[in-house]
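Input: a single structure, listed below in structure tokens.
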Amino acid sequence: ALLAGGFALATTLFPAPVVCPVCGEENSFLAVGSFGNYILDWPERFQLVFWPDTLGVNLWSCRRCRFTAFSQDFRTVPEDKKEELRKALADVHFSPPPVAGSAPANEYDLEYARLPIAERLAAAERVYTVLGANDAMWCLFHRIAGYLYEASGDAARARQSRAKAAEL
């Protein structure tokens, strides 16, 4: 019973093939497999940030066009925004990810998860600008960014993001 009970508090991710809605490239991202309401008790709740947004792997980036969005926003893009997104992302370049196997970002060691979180957040900010995010979305975006910047060791950017969220 104790062994089975441990699985009841498990959060799981699995690699999933996802087609980019902007360029049609098939990517492999980590998708949510399971979780429970126990995530609402984790300490990050005091920052109003919840799993899976607390994981950098939930910020998906297309390897071809660099379209970057949180998993829940990635799959659908309005047809009339695709060209504008292509233009907004045309000059975005990610640093080469570290070699596979060196400091894996996750157990599956997917390439997108090894890209610097600061670069993915900057690309996502362009995406959400084009998509016309409202103040509530920007507040959430900056709370999540603050959490992810702090987790990556960038305290200055974390403070800036949290200040933006507080303004909103």
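Quick notes
- Phe94 sits among other residues whose Cβ lies under 15 Å from its own Cβ, and their net charge, with Lys and Arg +1 and Asp and Glu -1, is +1.
- Pairwise Cα separations in segment 50-100 fall into 5 Å bins from 0 onward with the following percentages, short to long: 4, 17, 24, 24, 17, 11, 3, 0.
- Space enclosed by the convex hull of the alpha-carbon atoms of segment 117-168, per residue, Å³: 55 Å³
- Per-pair calculated FRET efficiency, R0 = 30 Å: Thr12 and Gln47 via Cβ, rounded to 0.05: 0.80
- Highest-first arrangement of 67-80, 136-149, where packing means the average Cβ count within 10 Å: 136-149, 67-80
- The amide H of Phe29, built 1.01 Å from its N in the peptide plane, has Ala16, Val18 as neighbours under 5 Å, considering only residues 5 or more places off or on other chains.
Every number here is computed from the coordinates shown, using simple stated rules; none is lab data. None of the values given here were measured: they were computed from a predicted structure. Cβ atoms come from the backbone with ideal geometry, glycine included; neighbour counts cover every protein chain shown.
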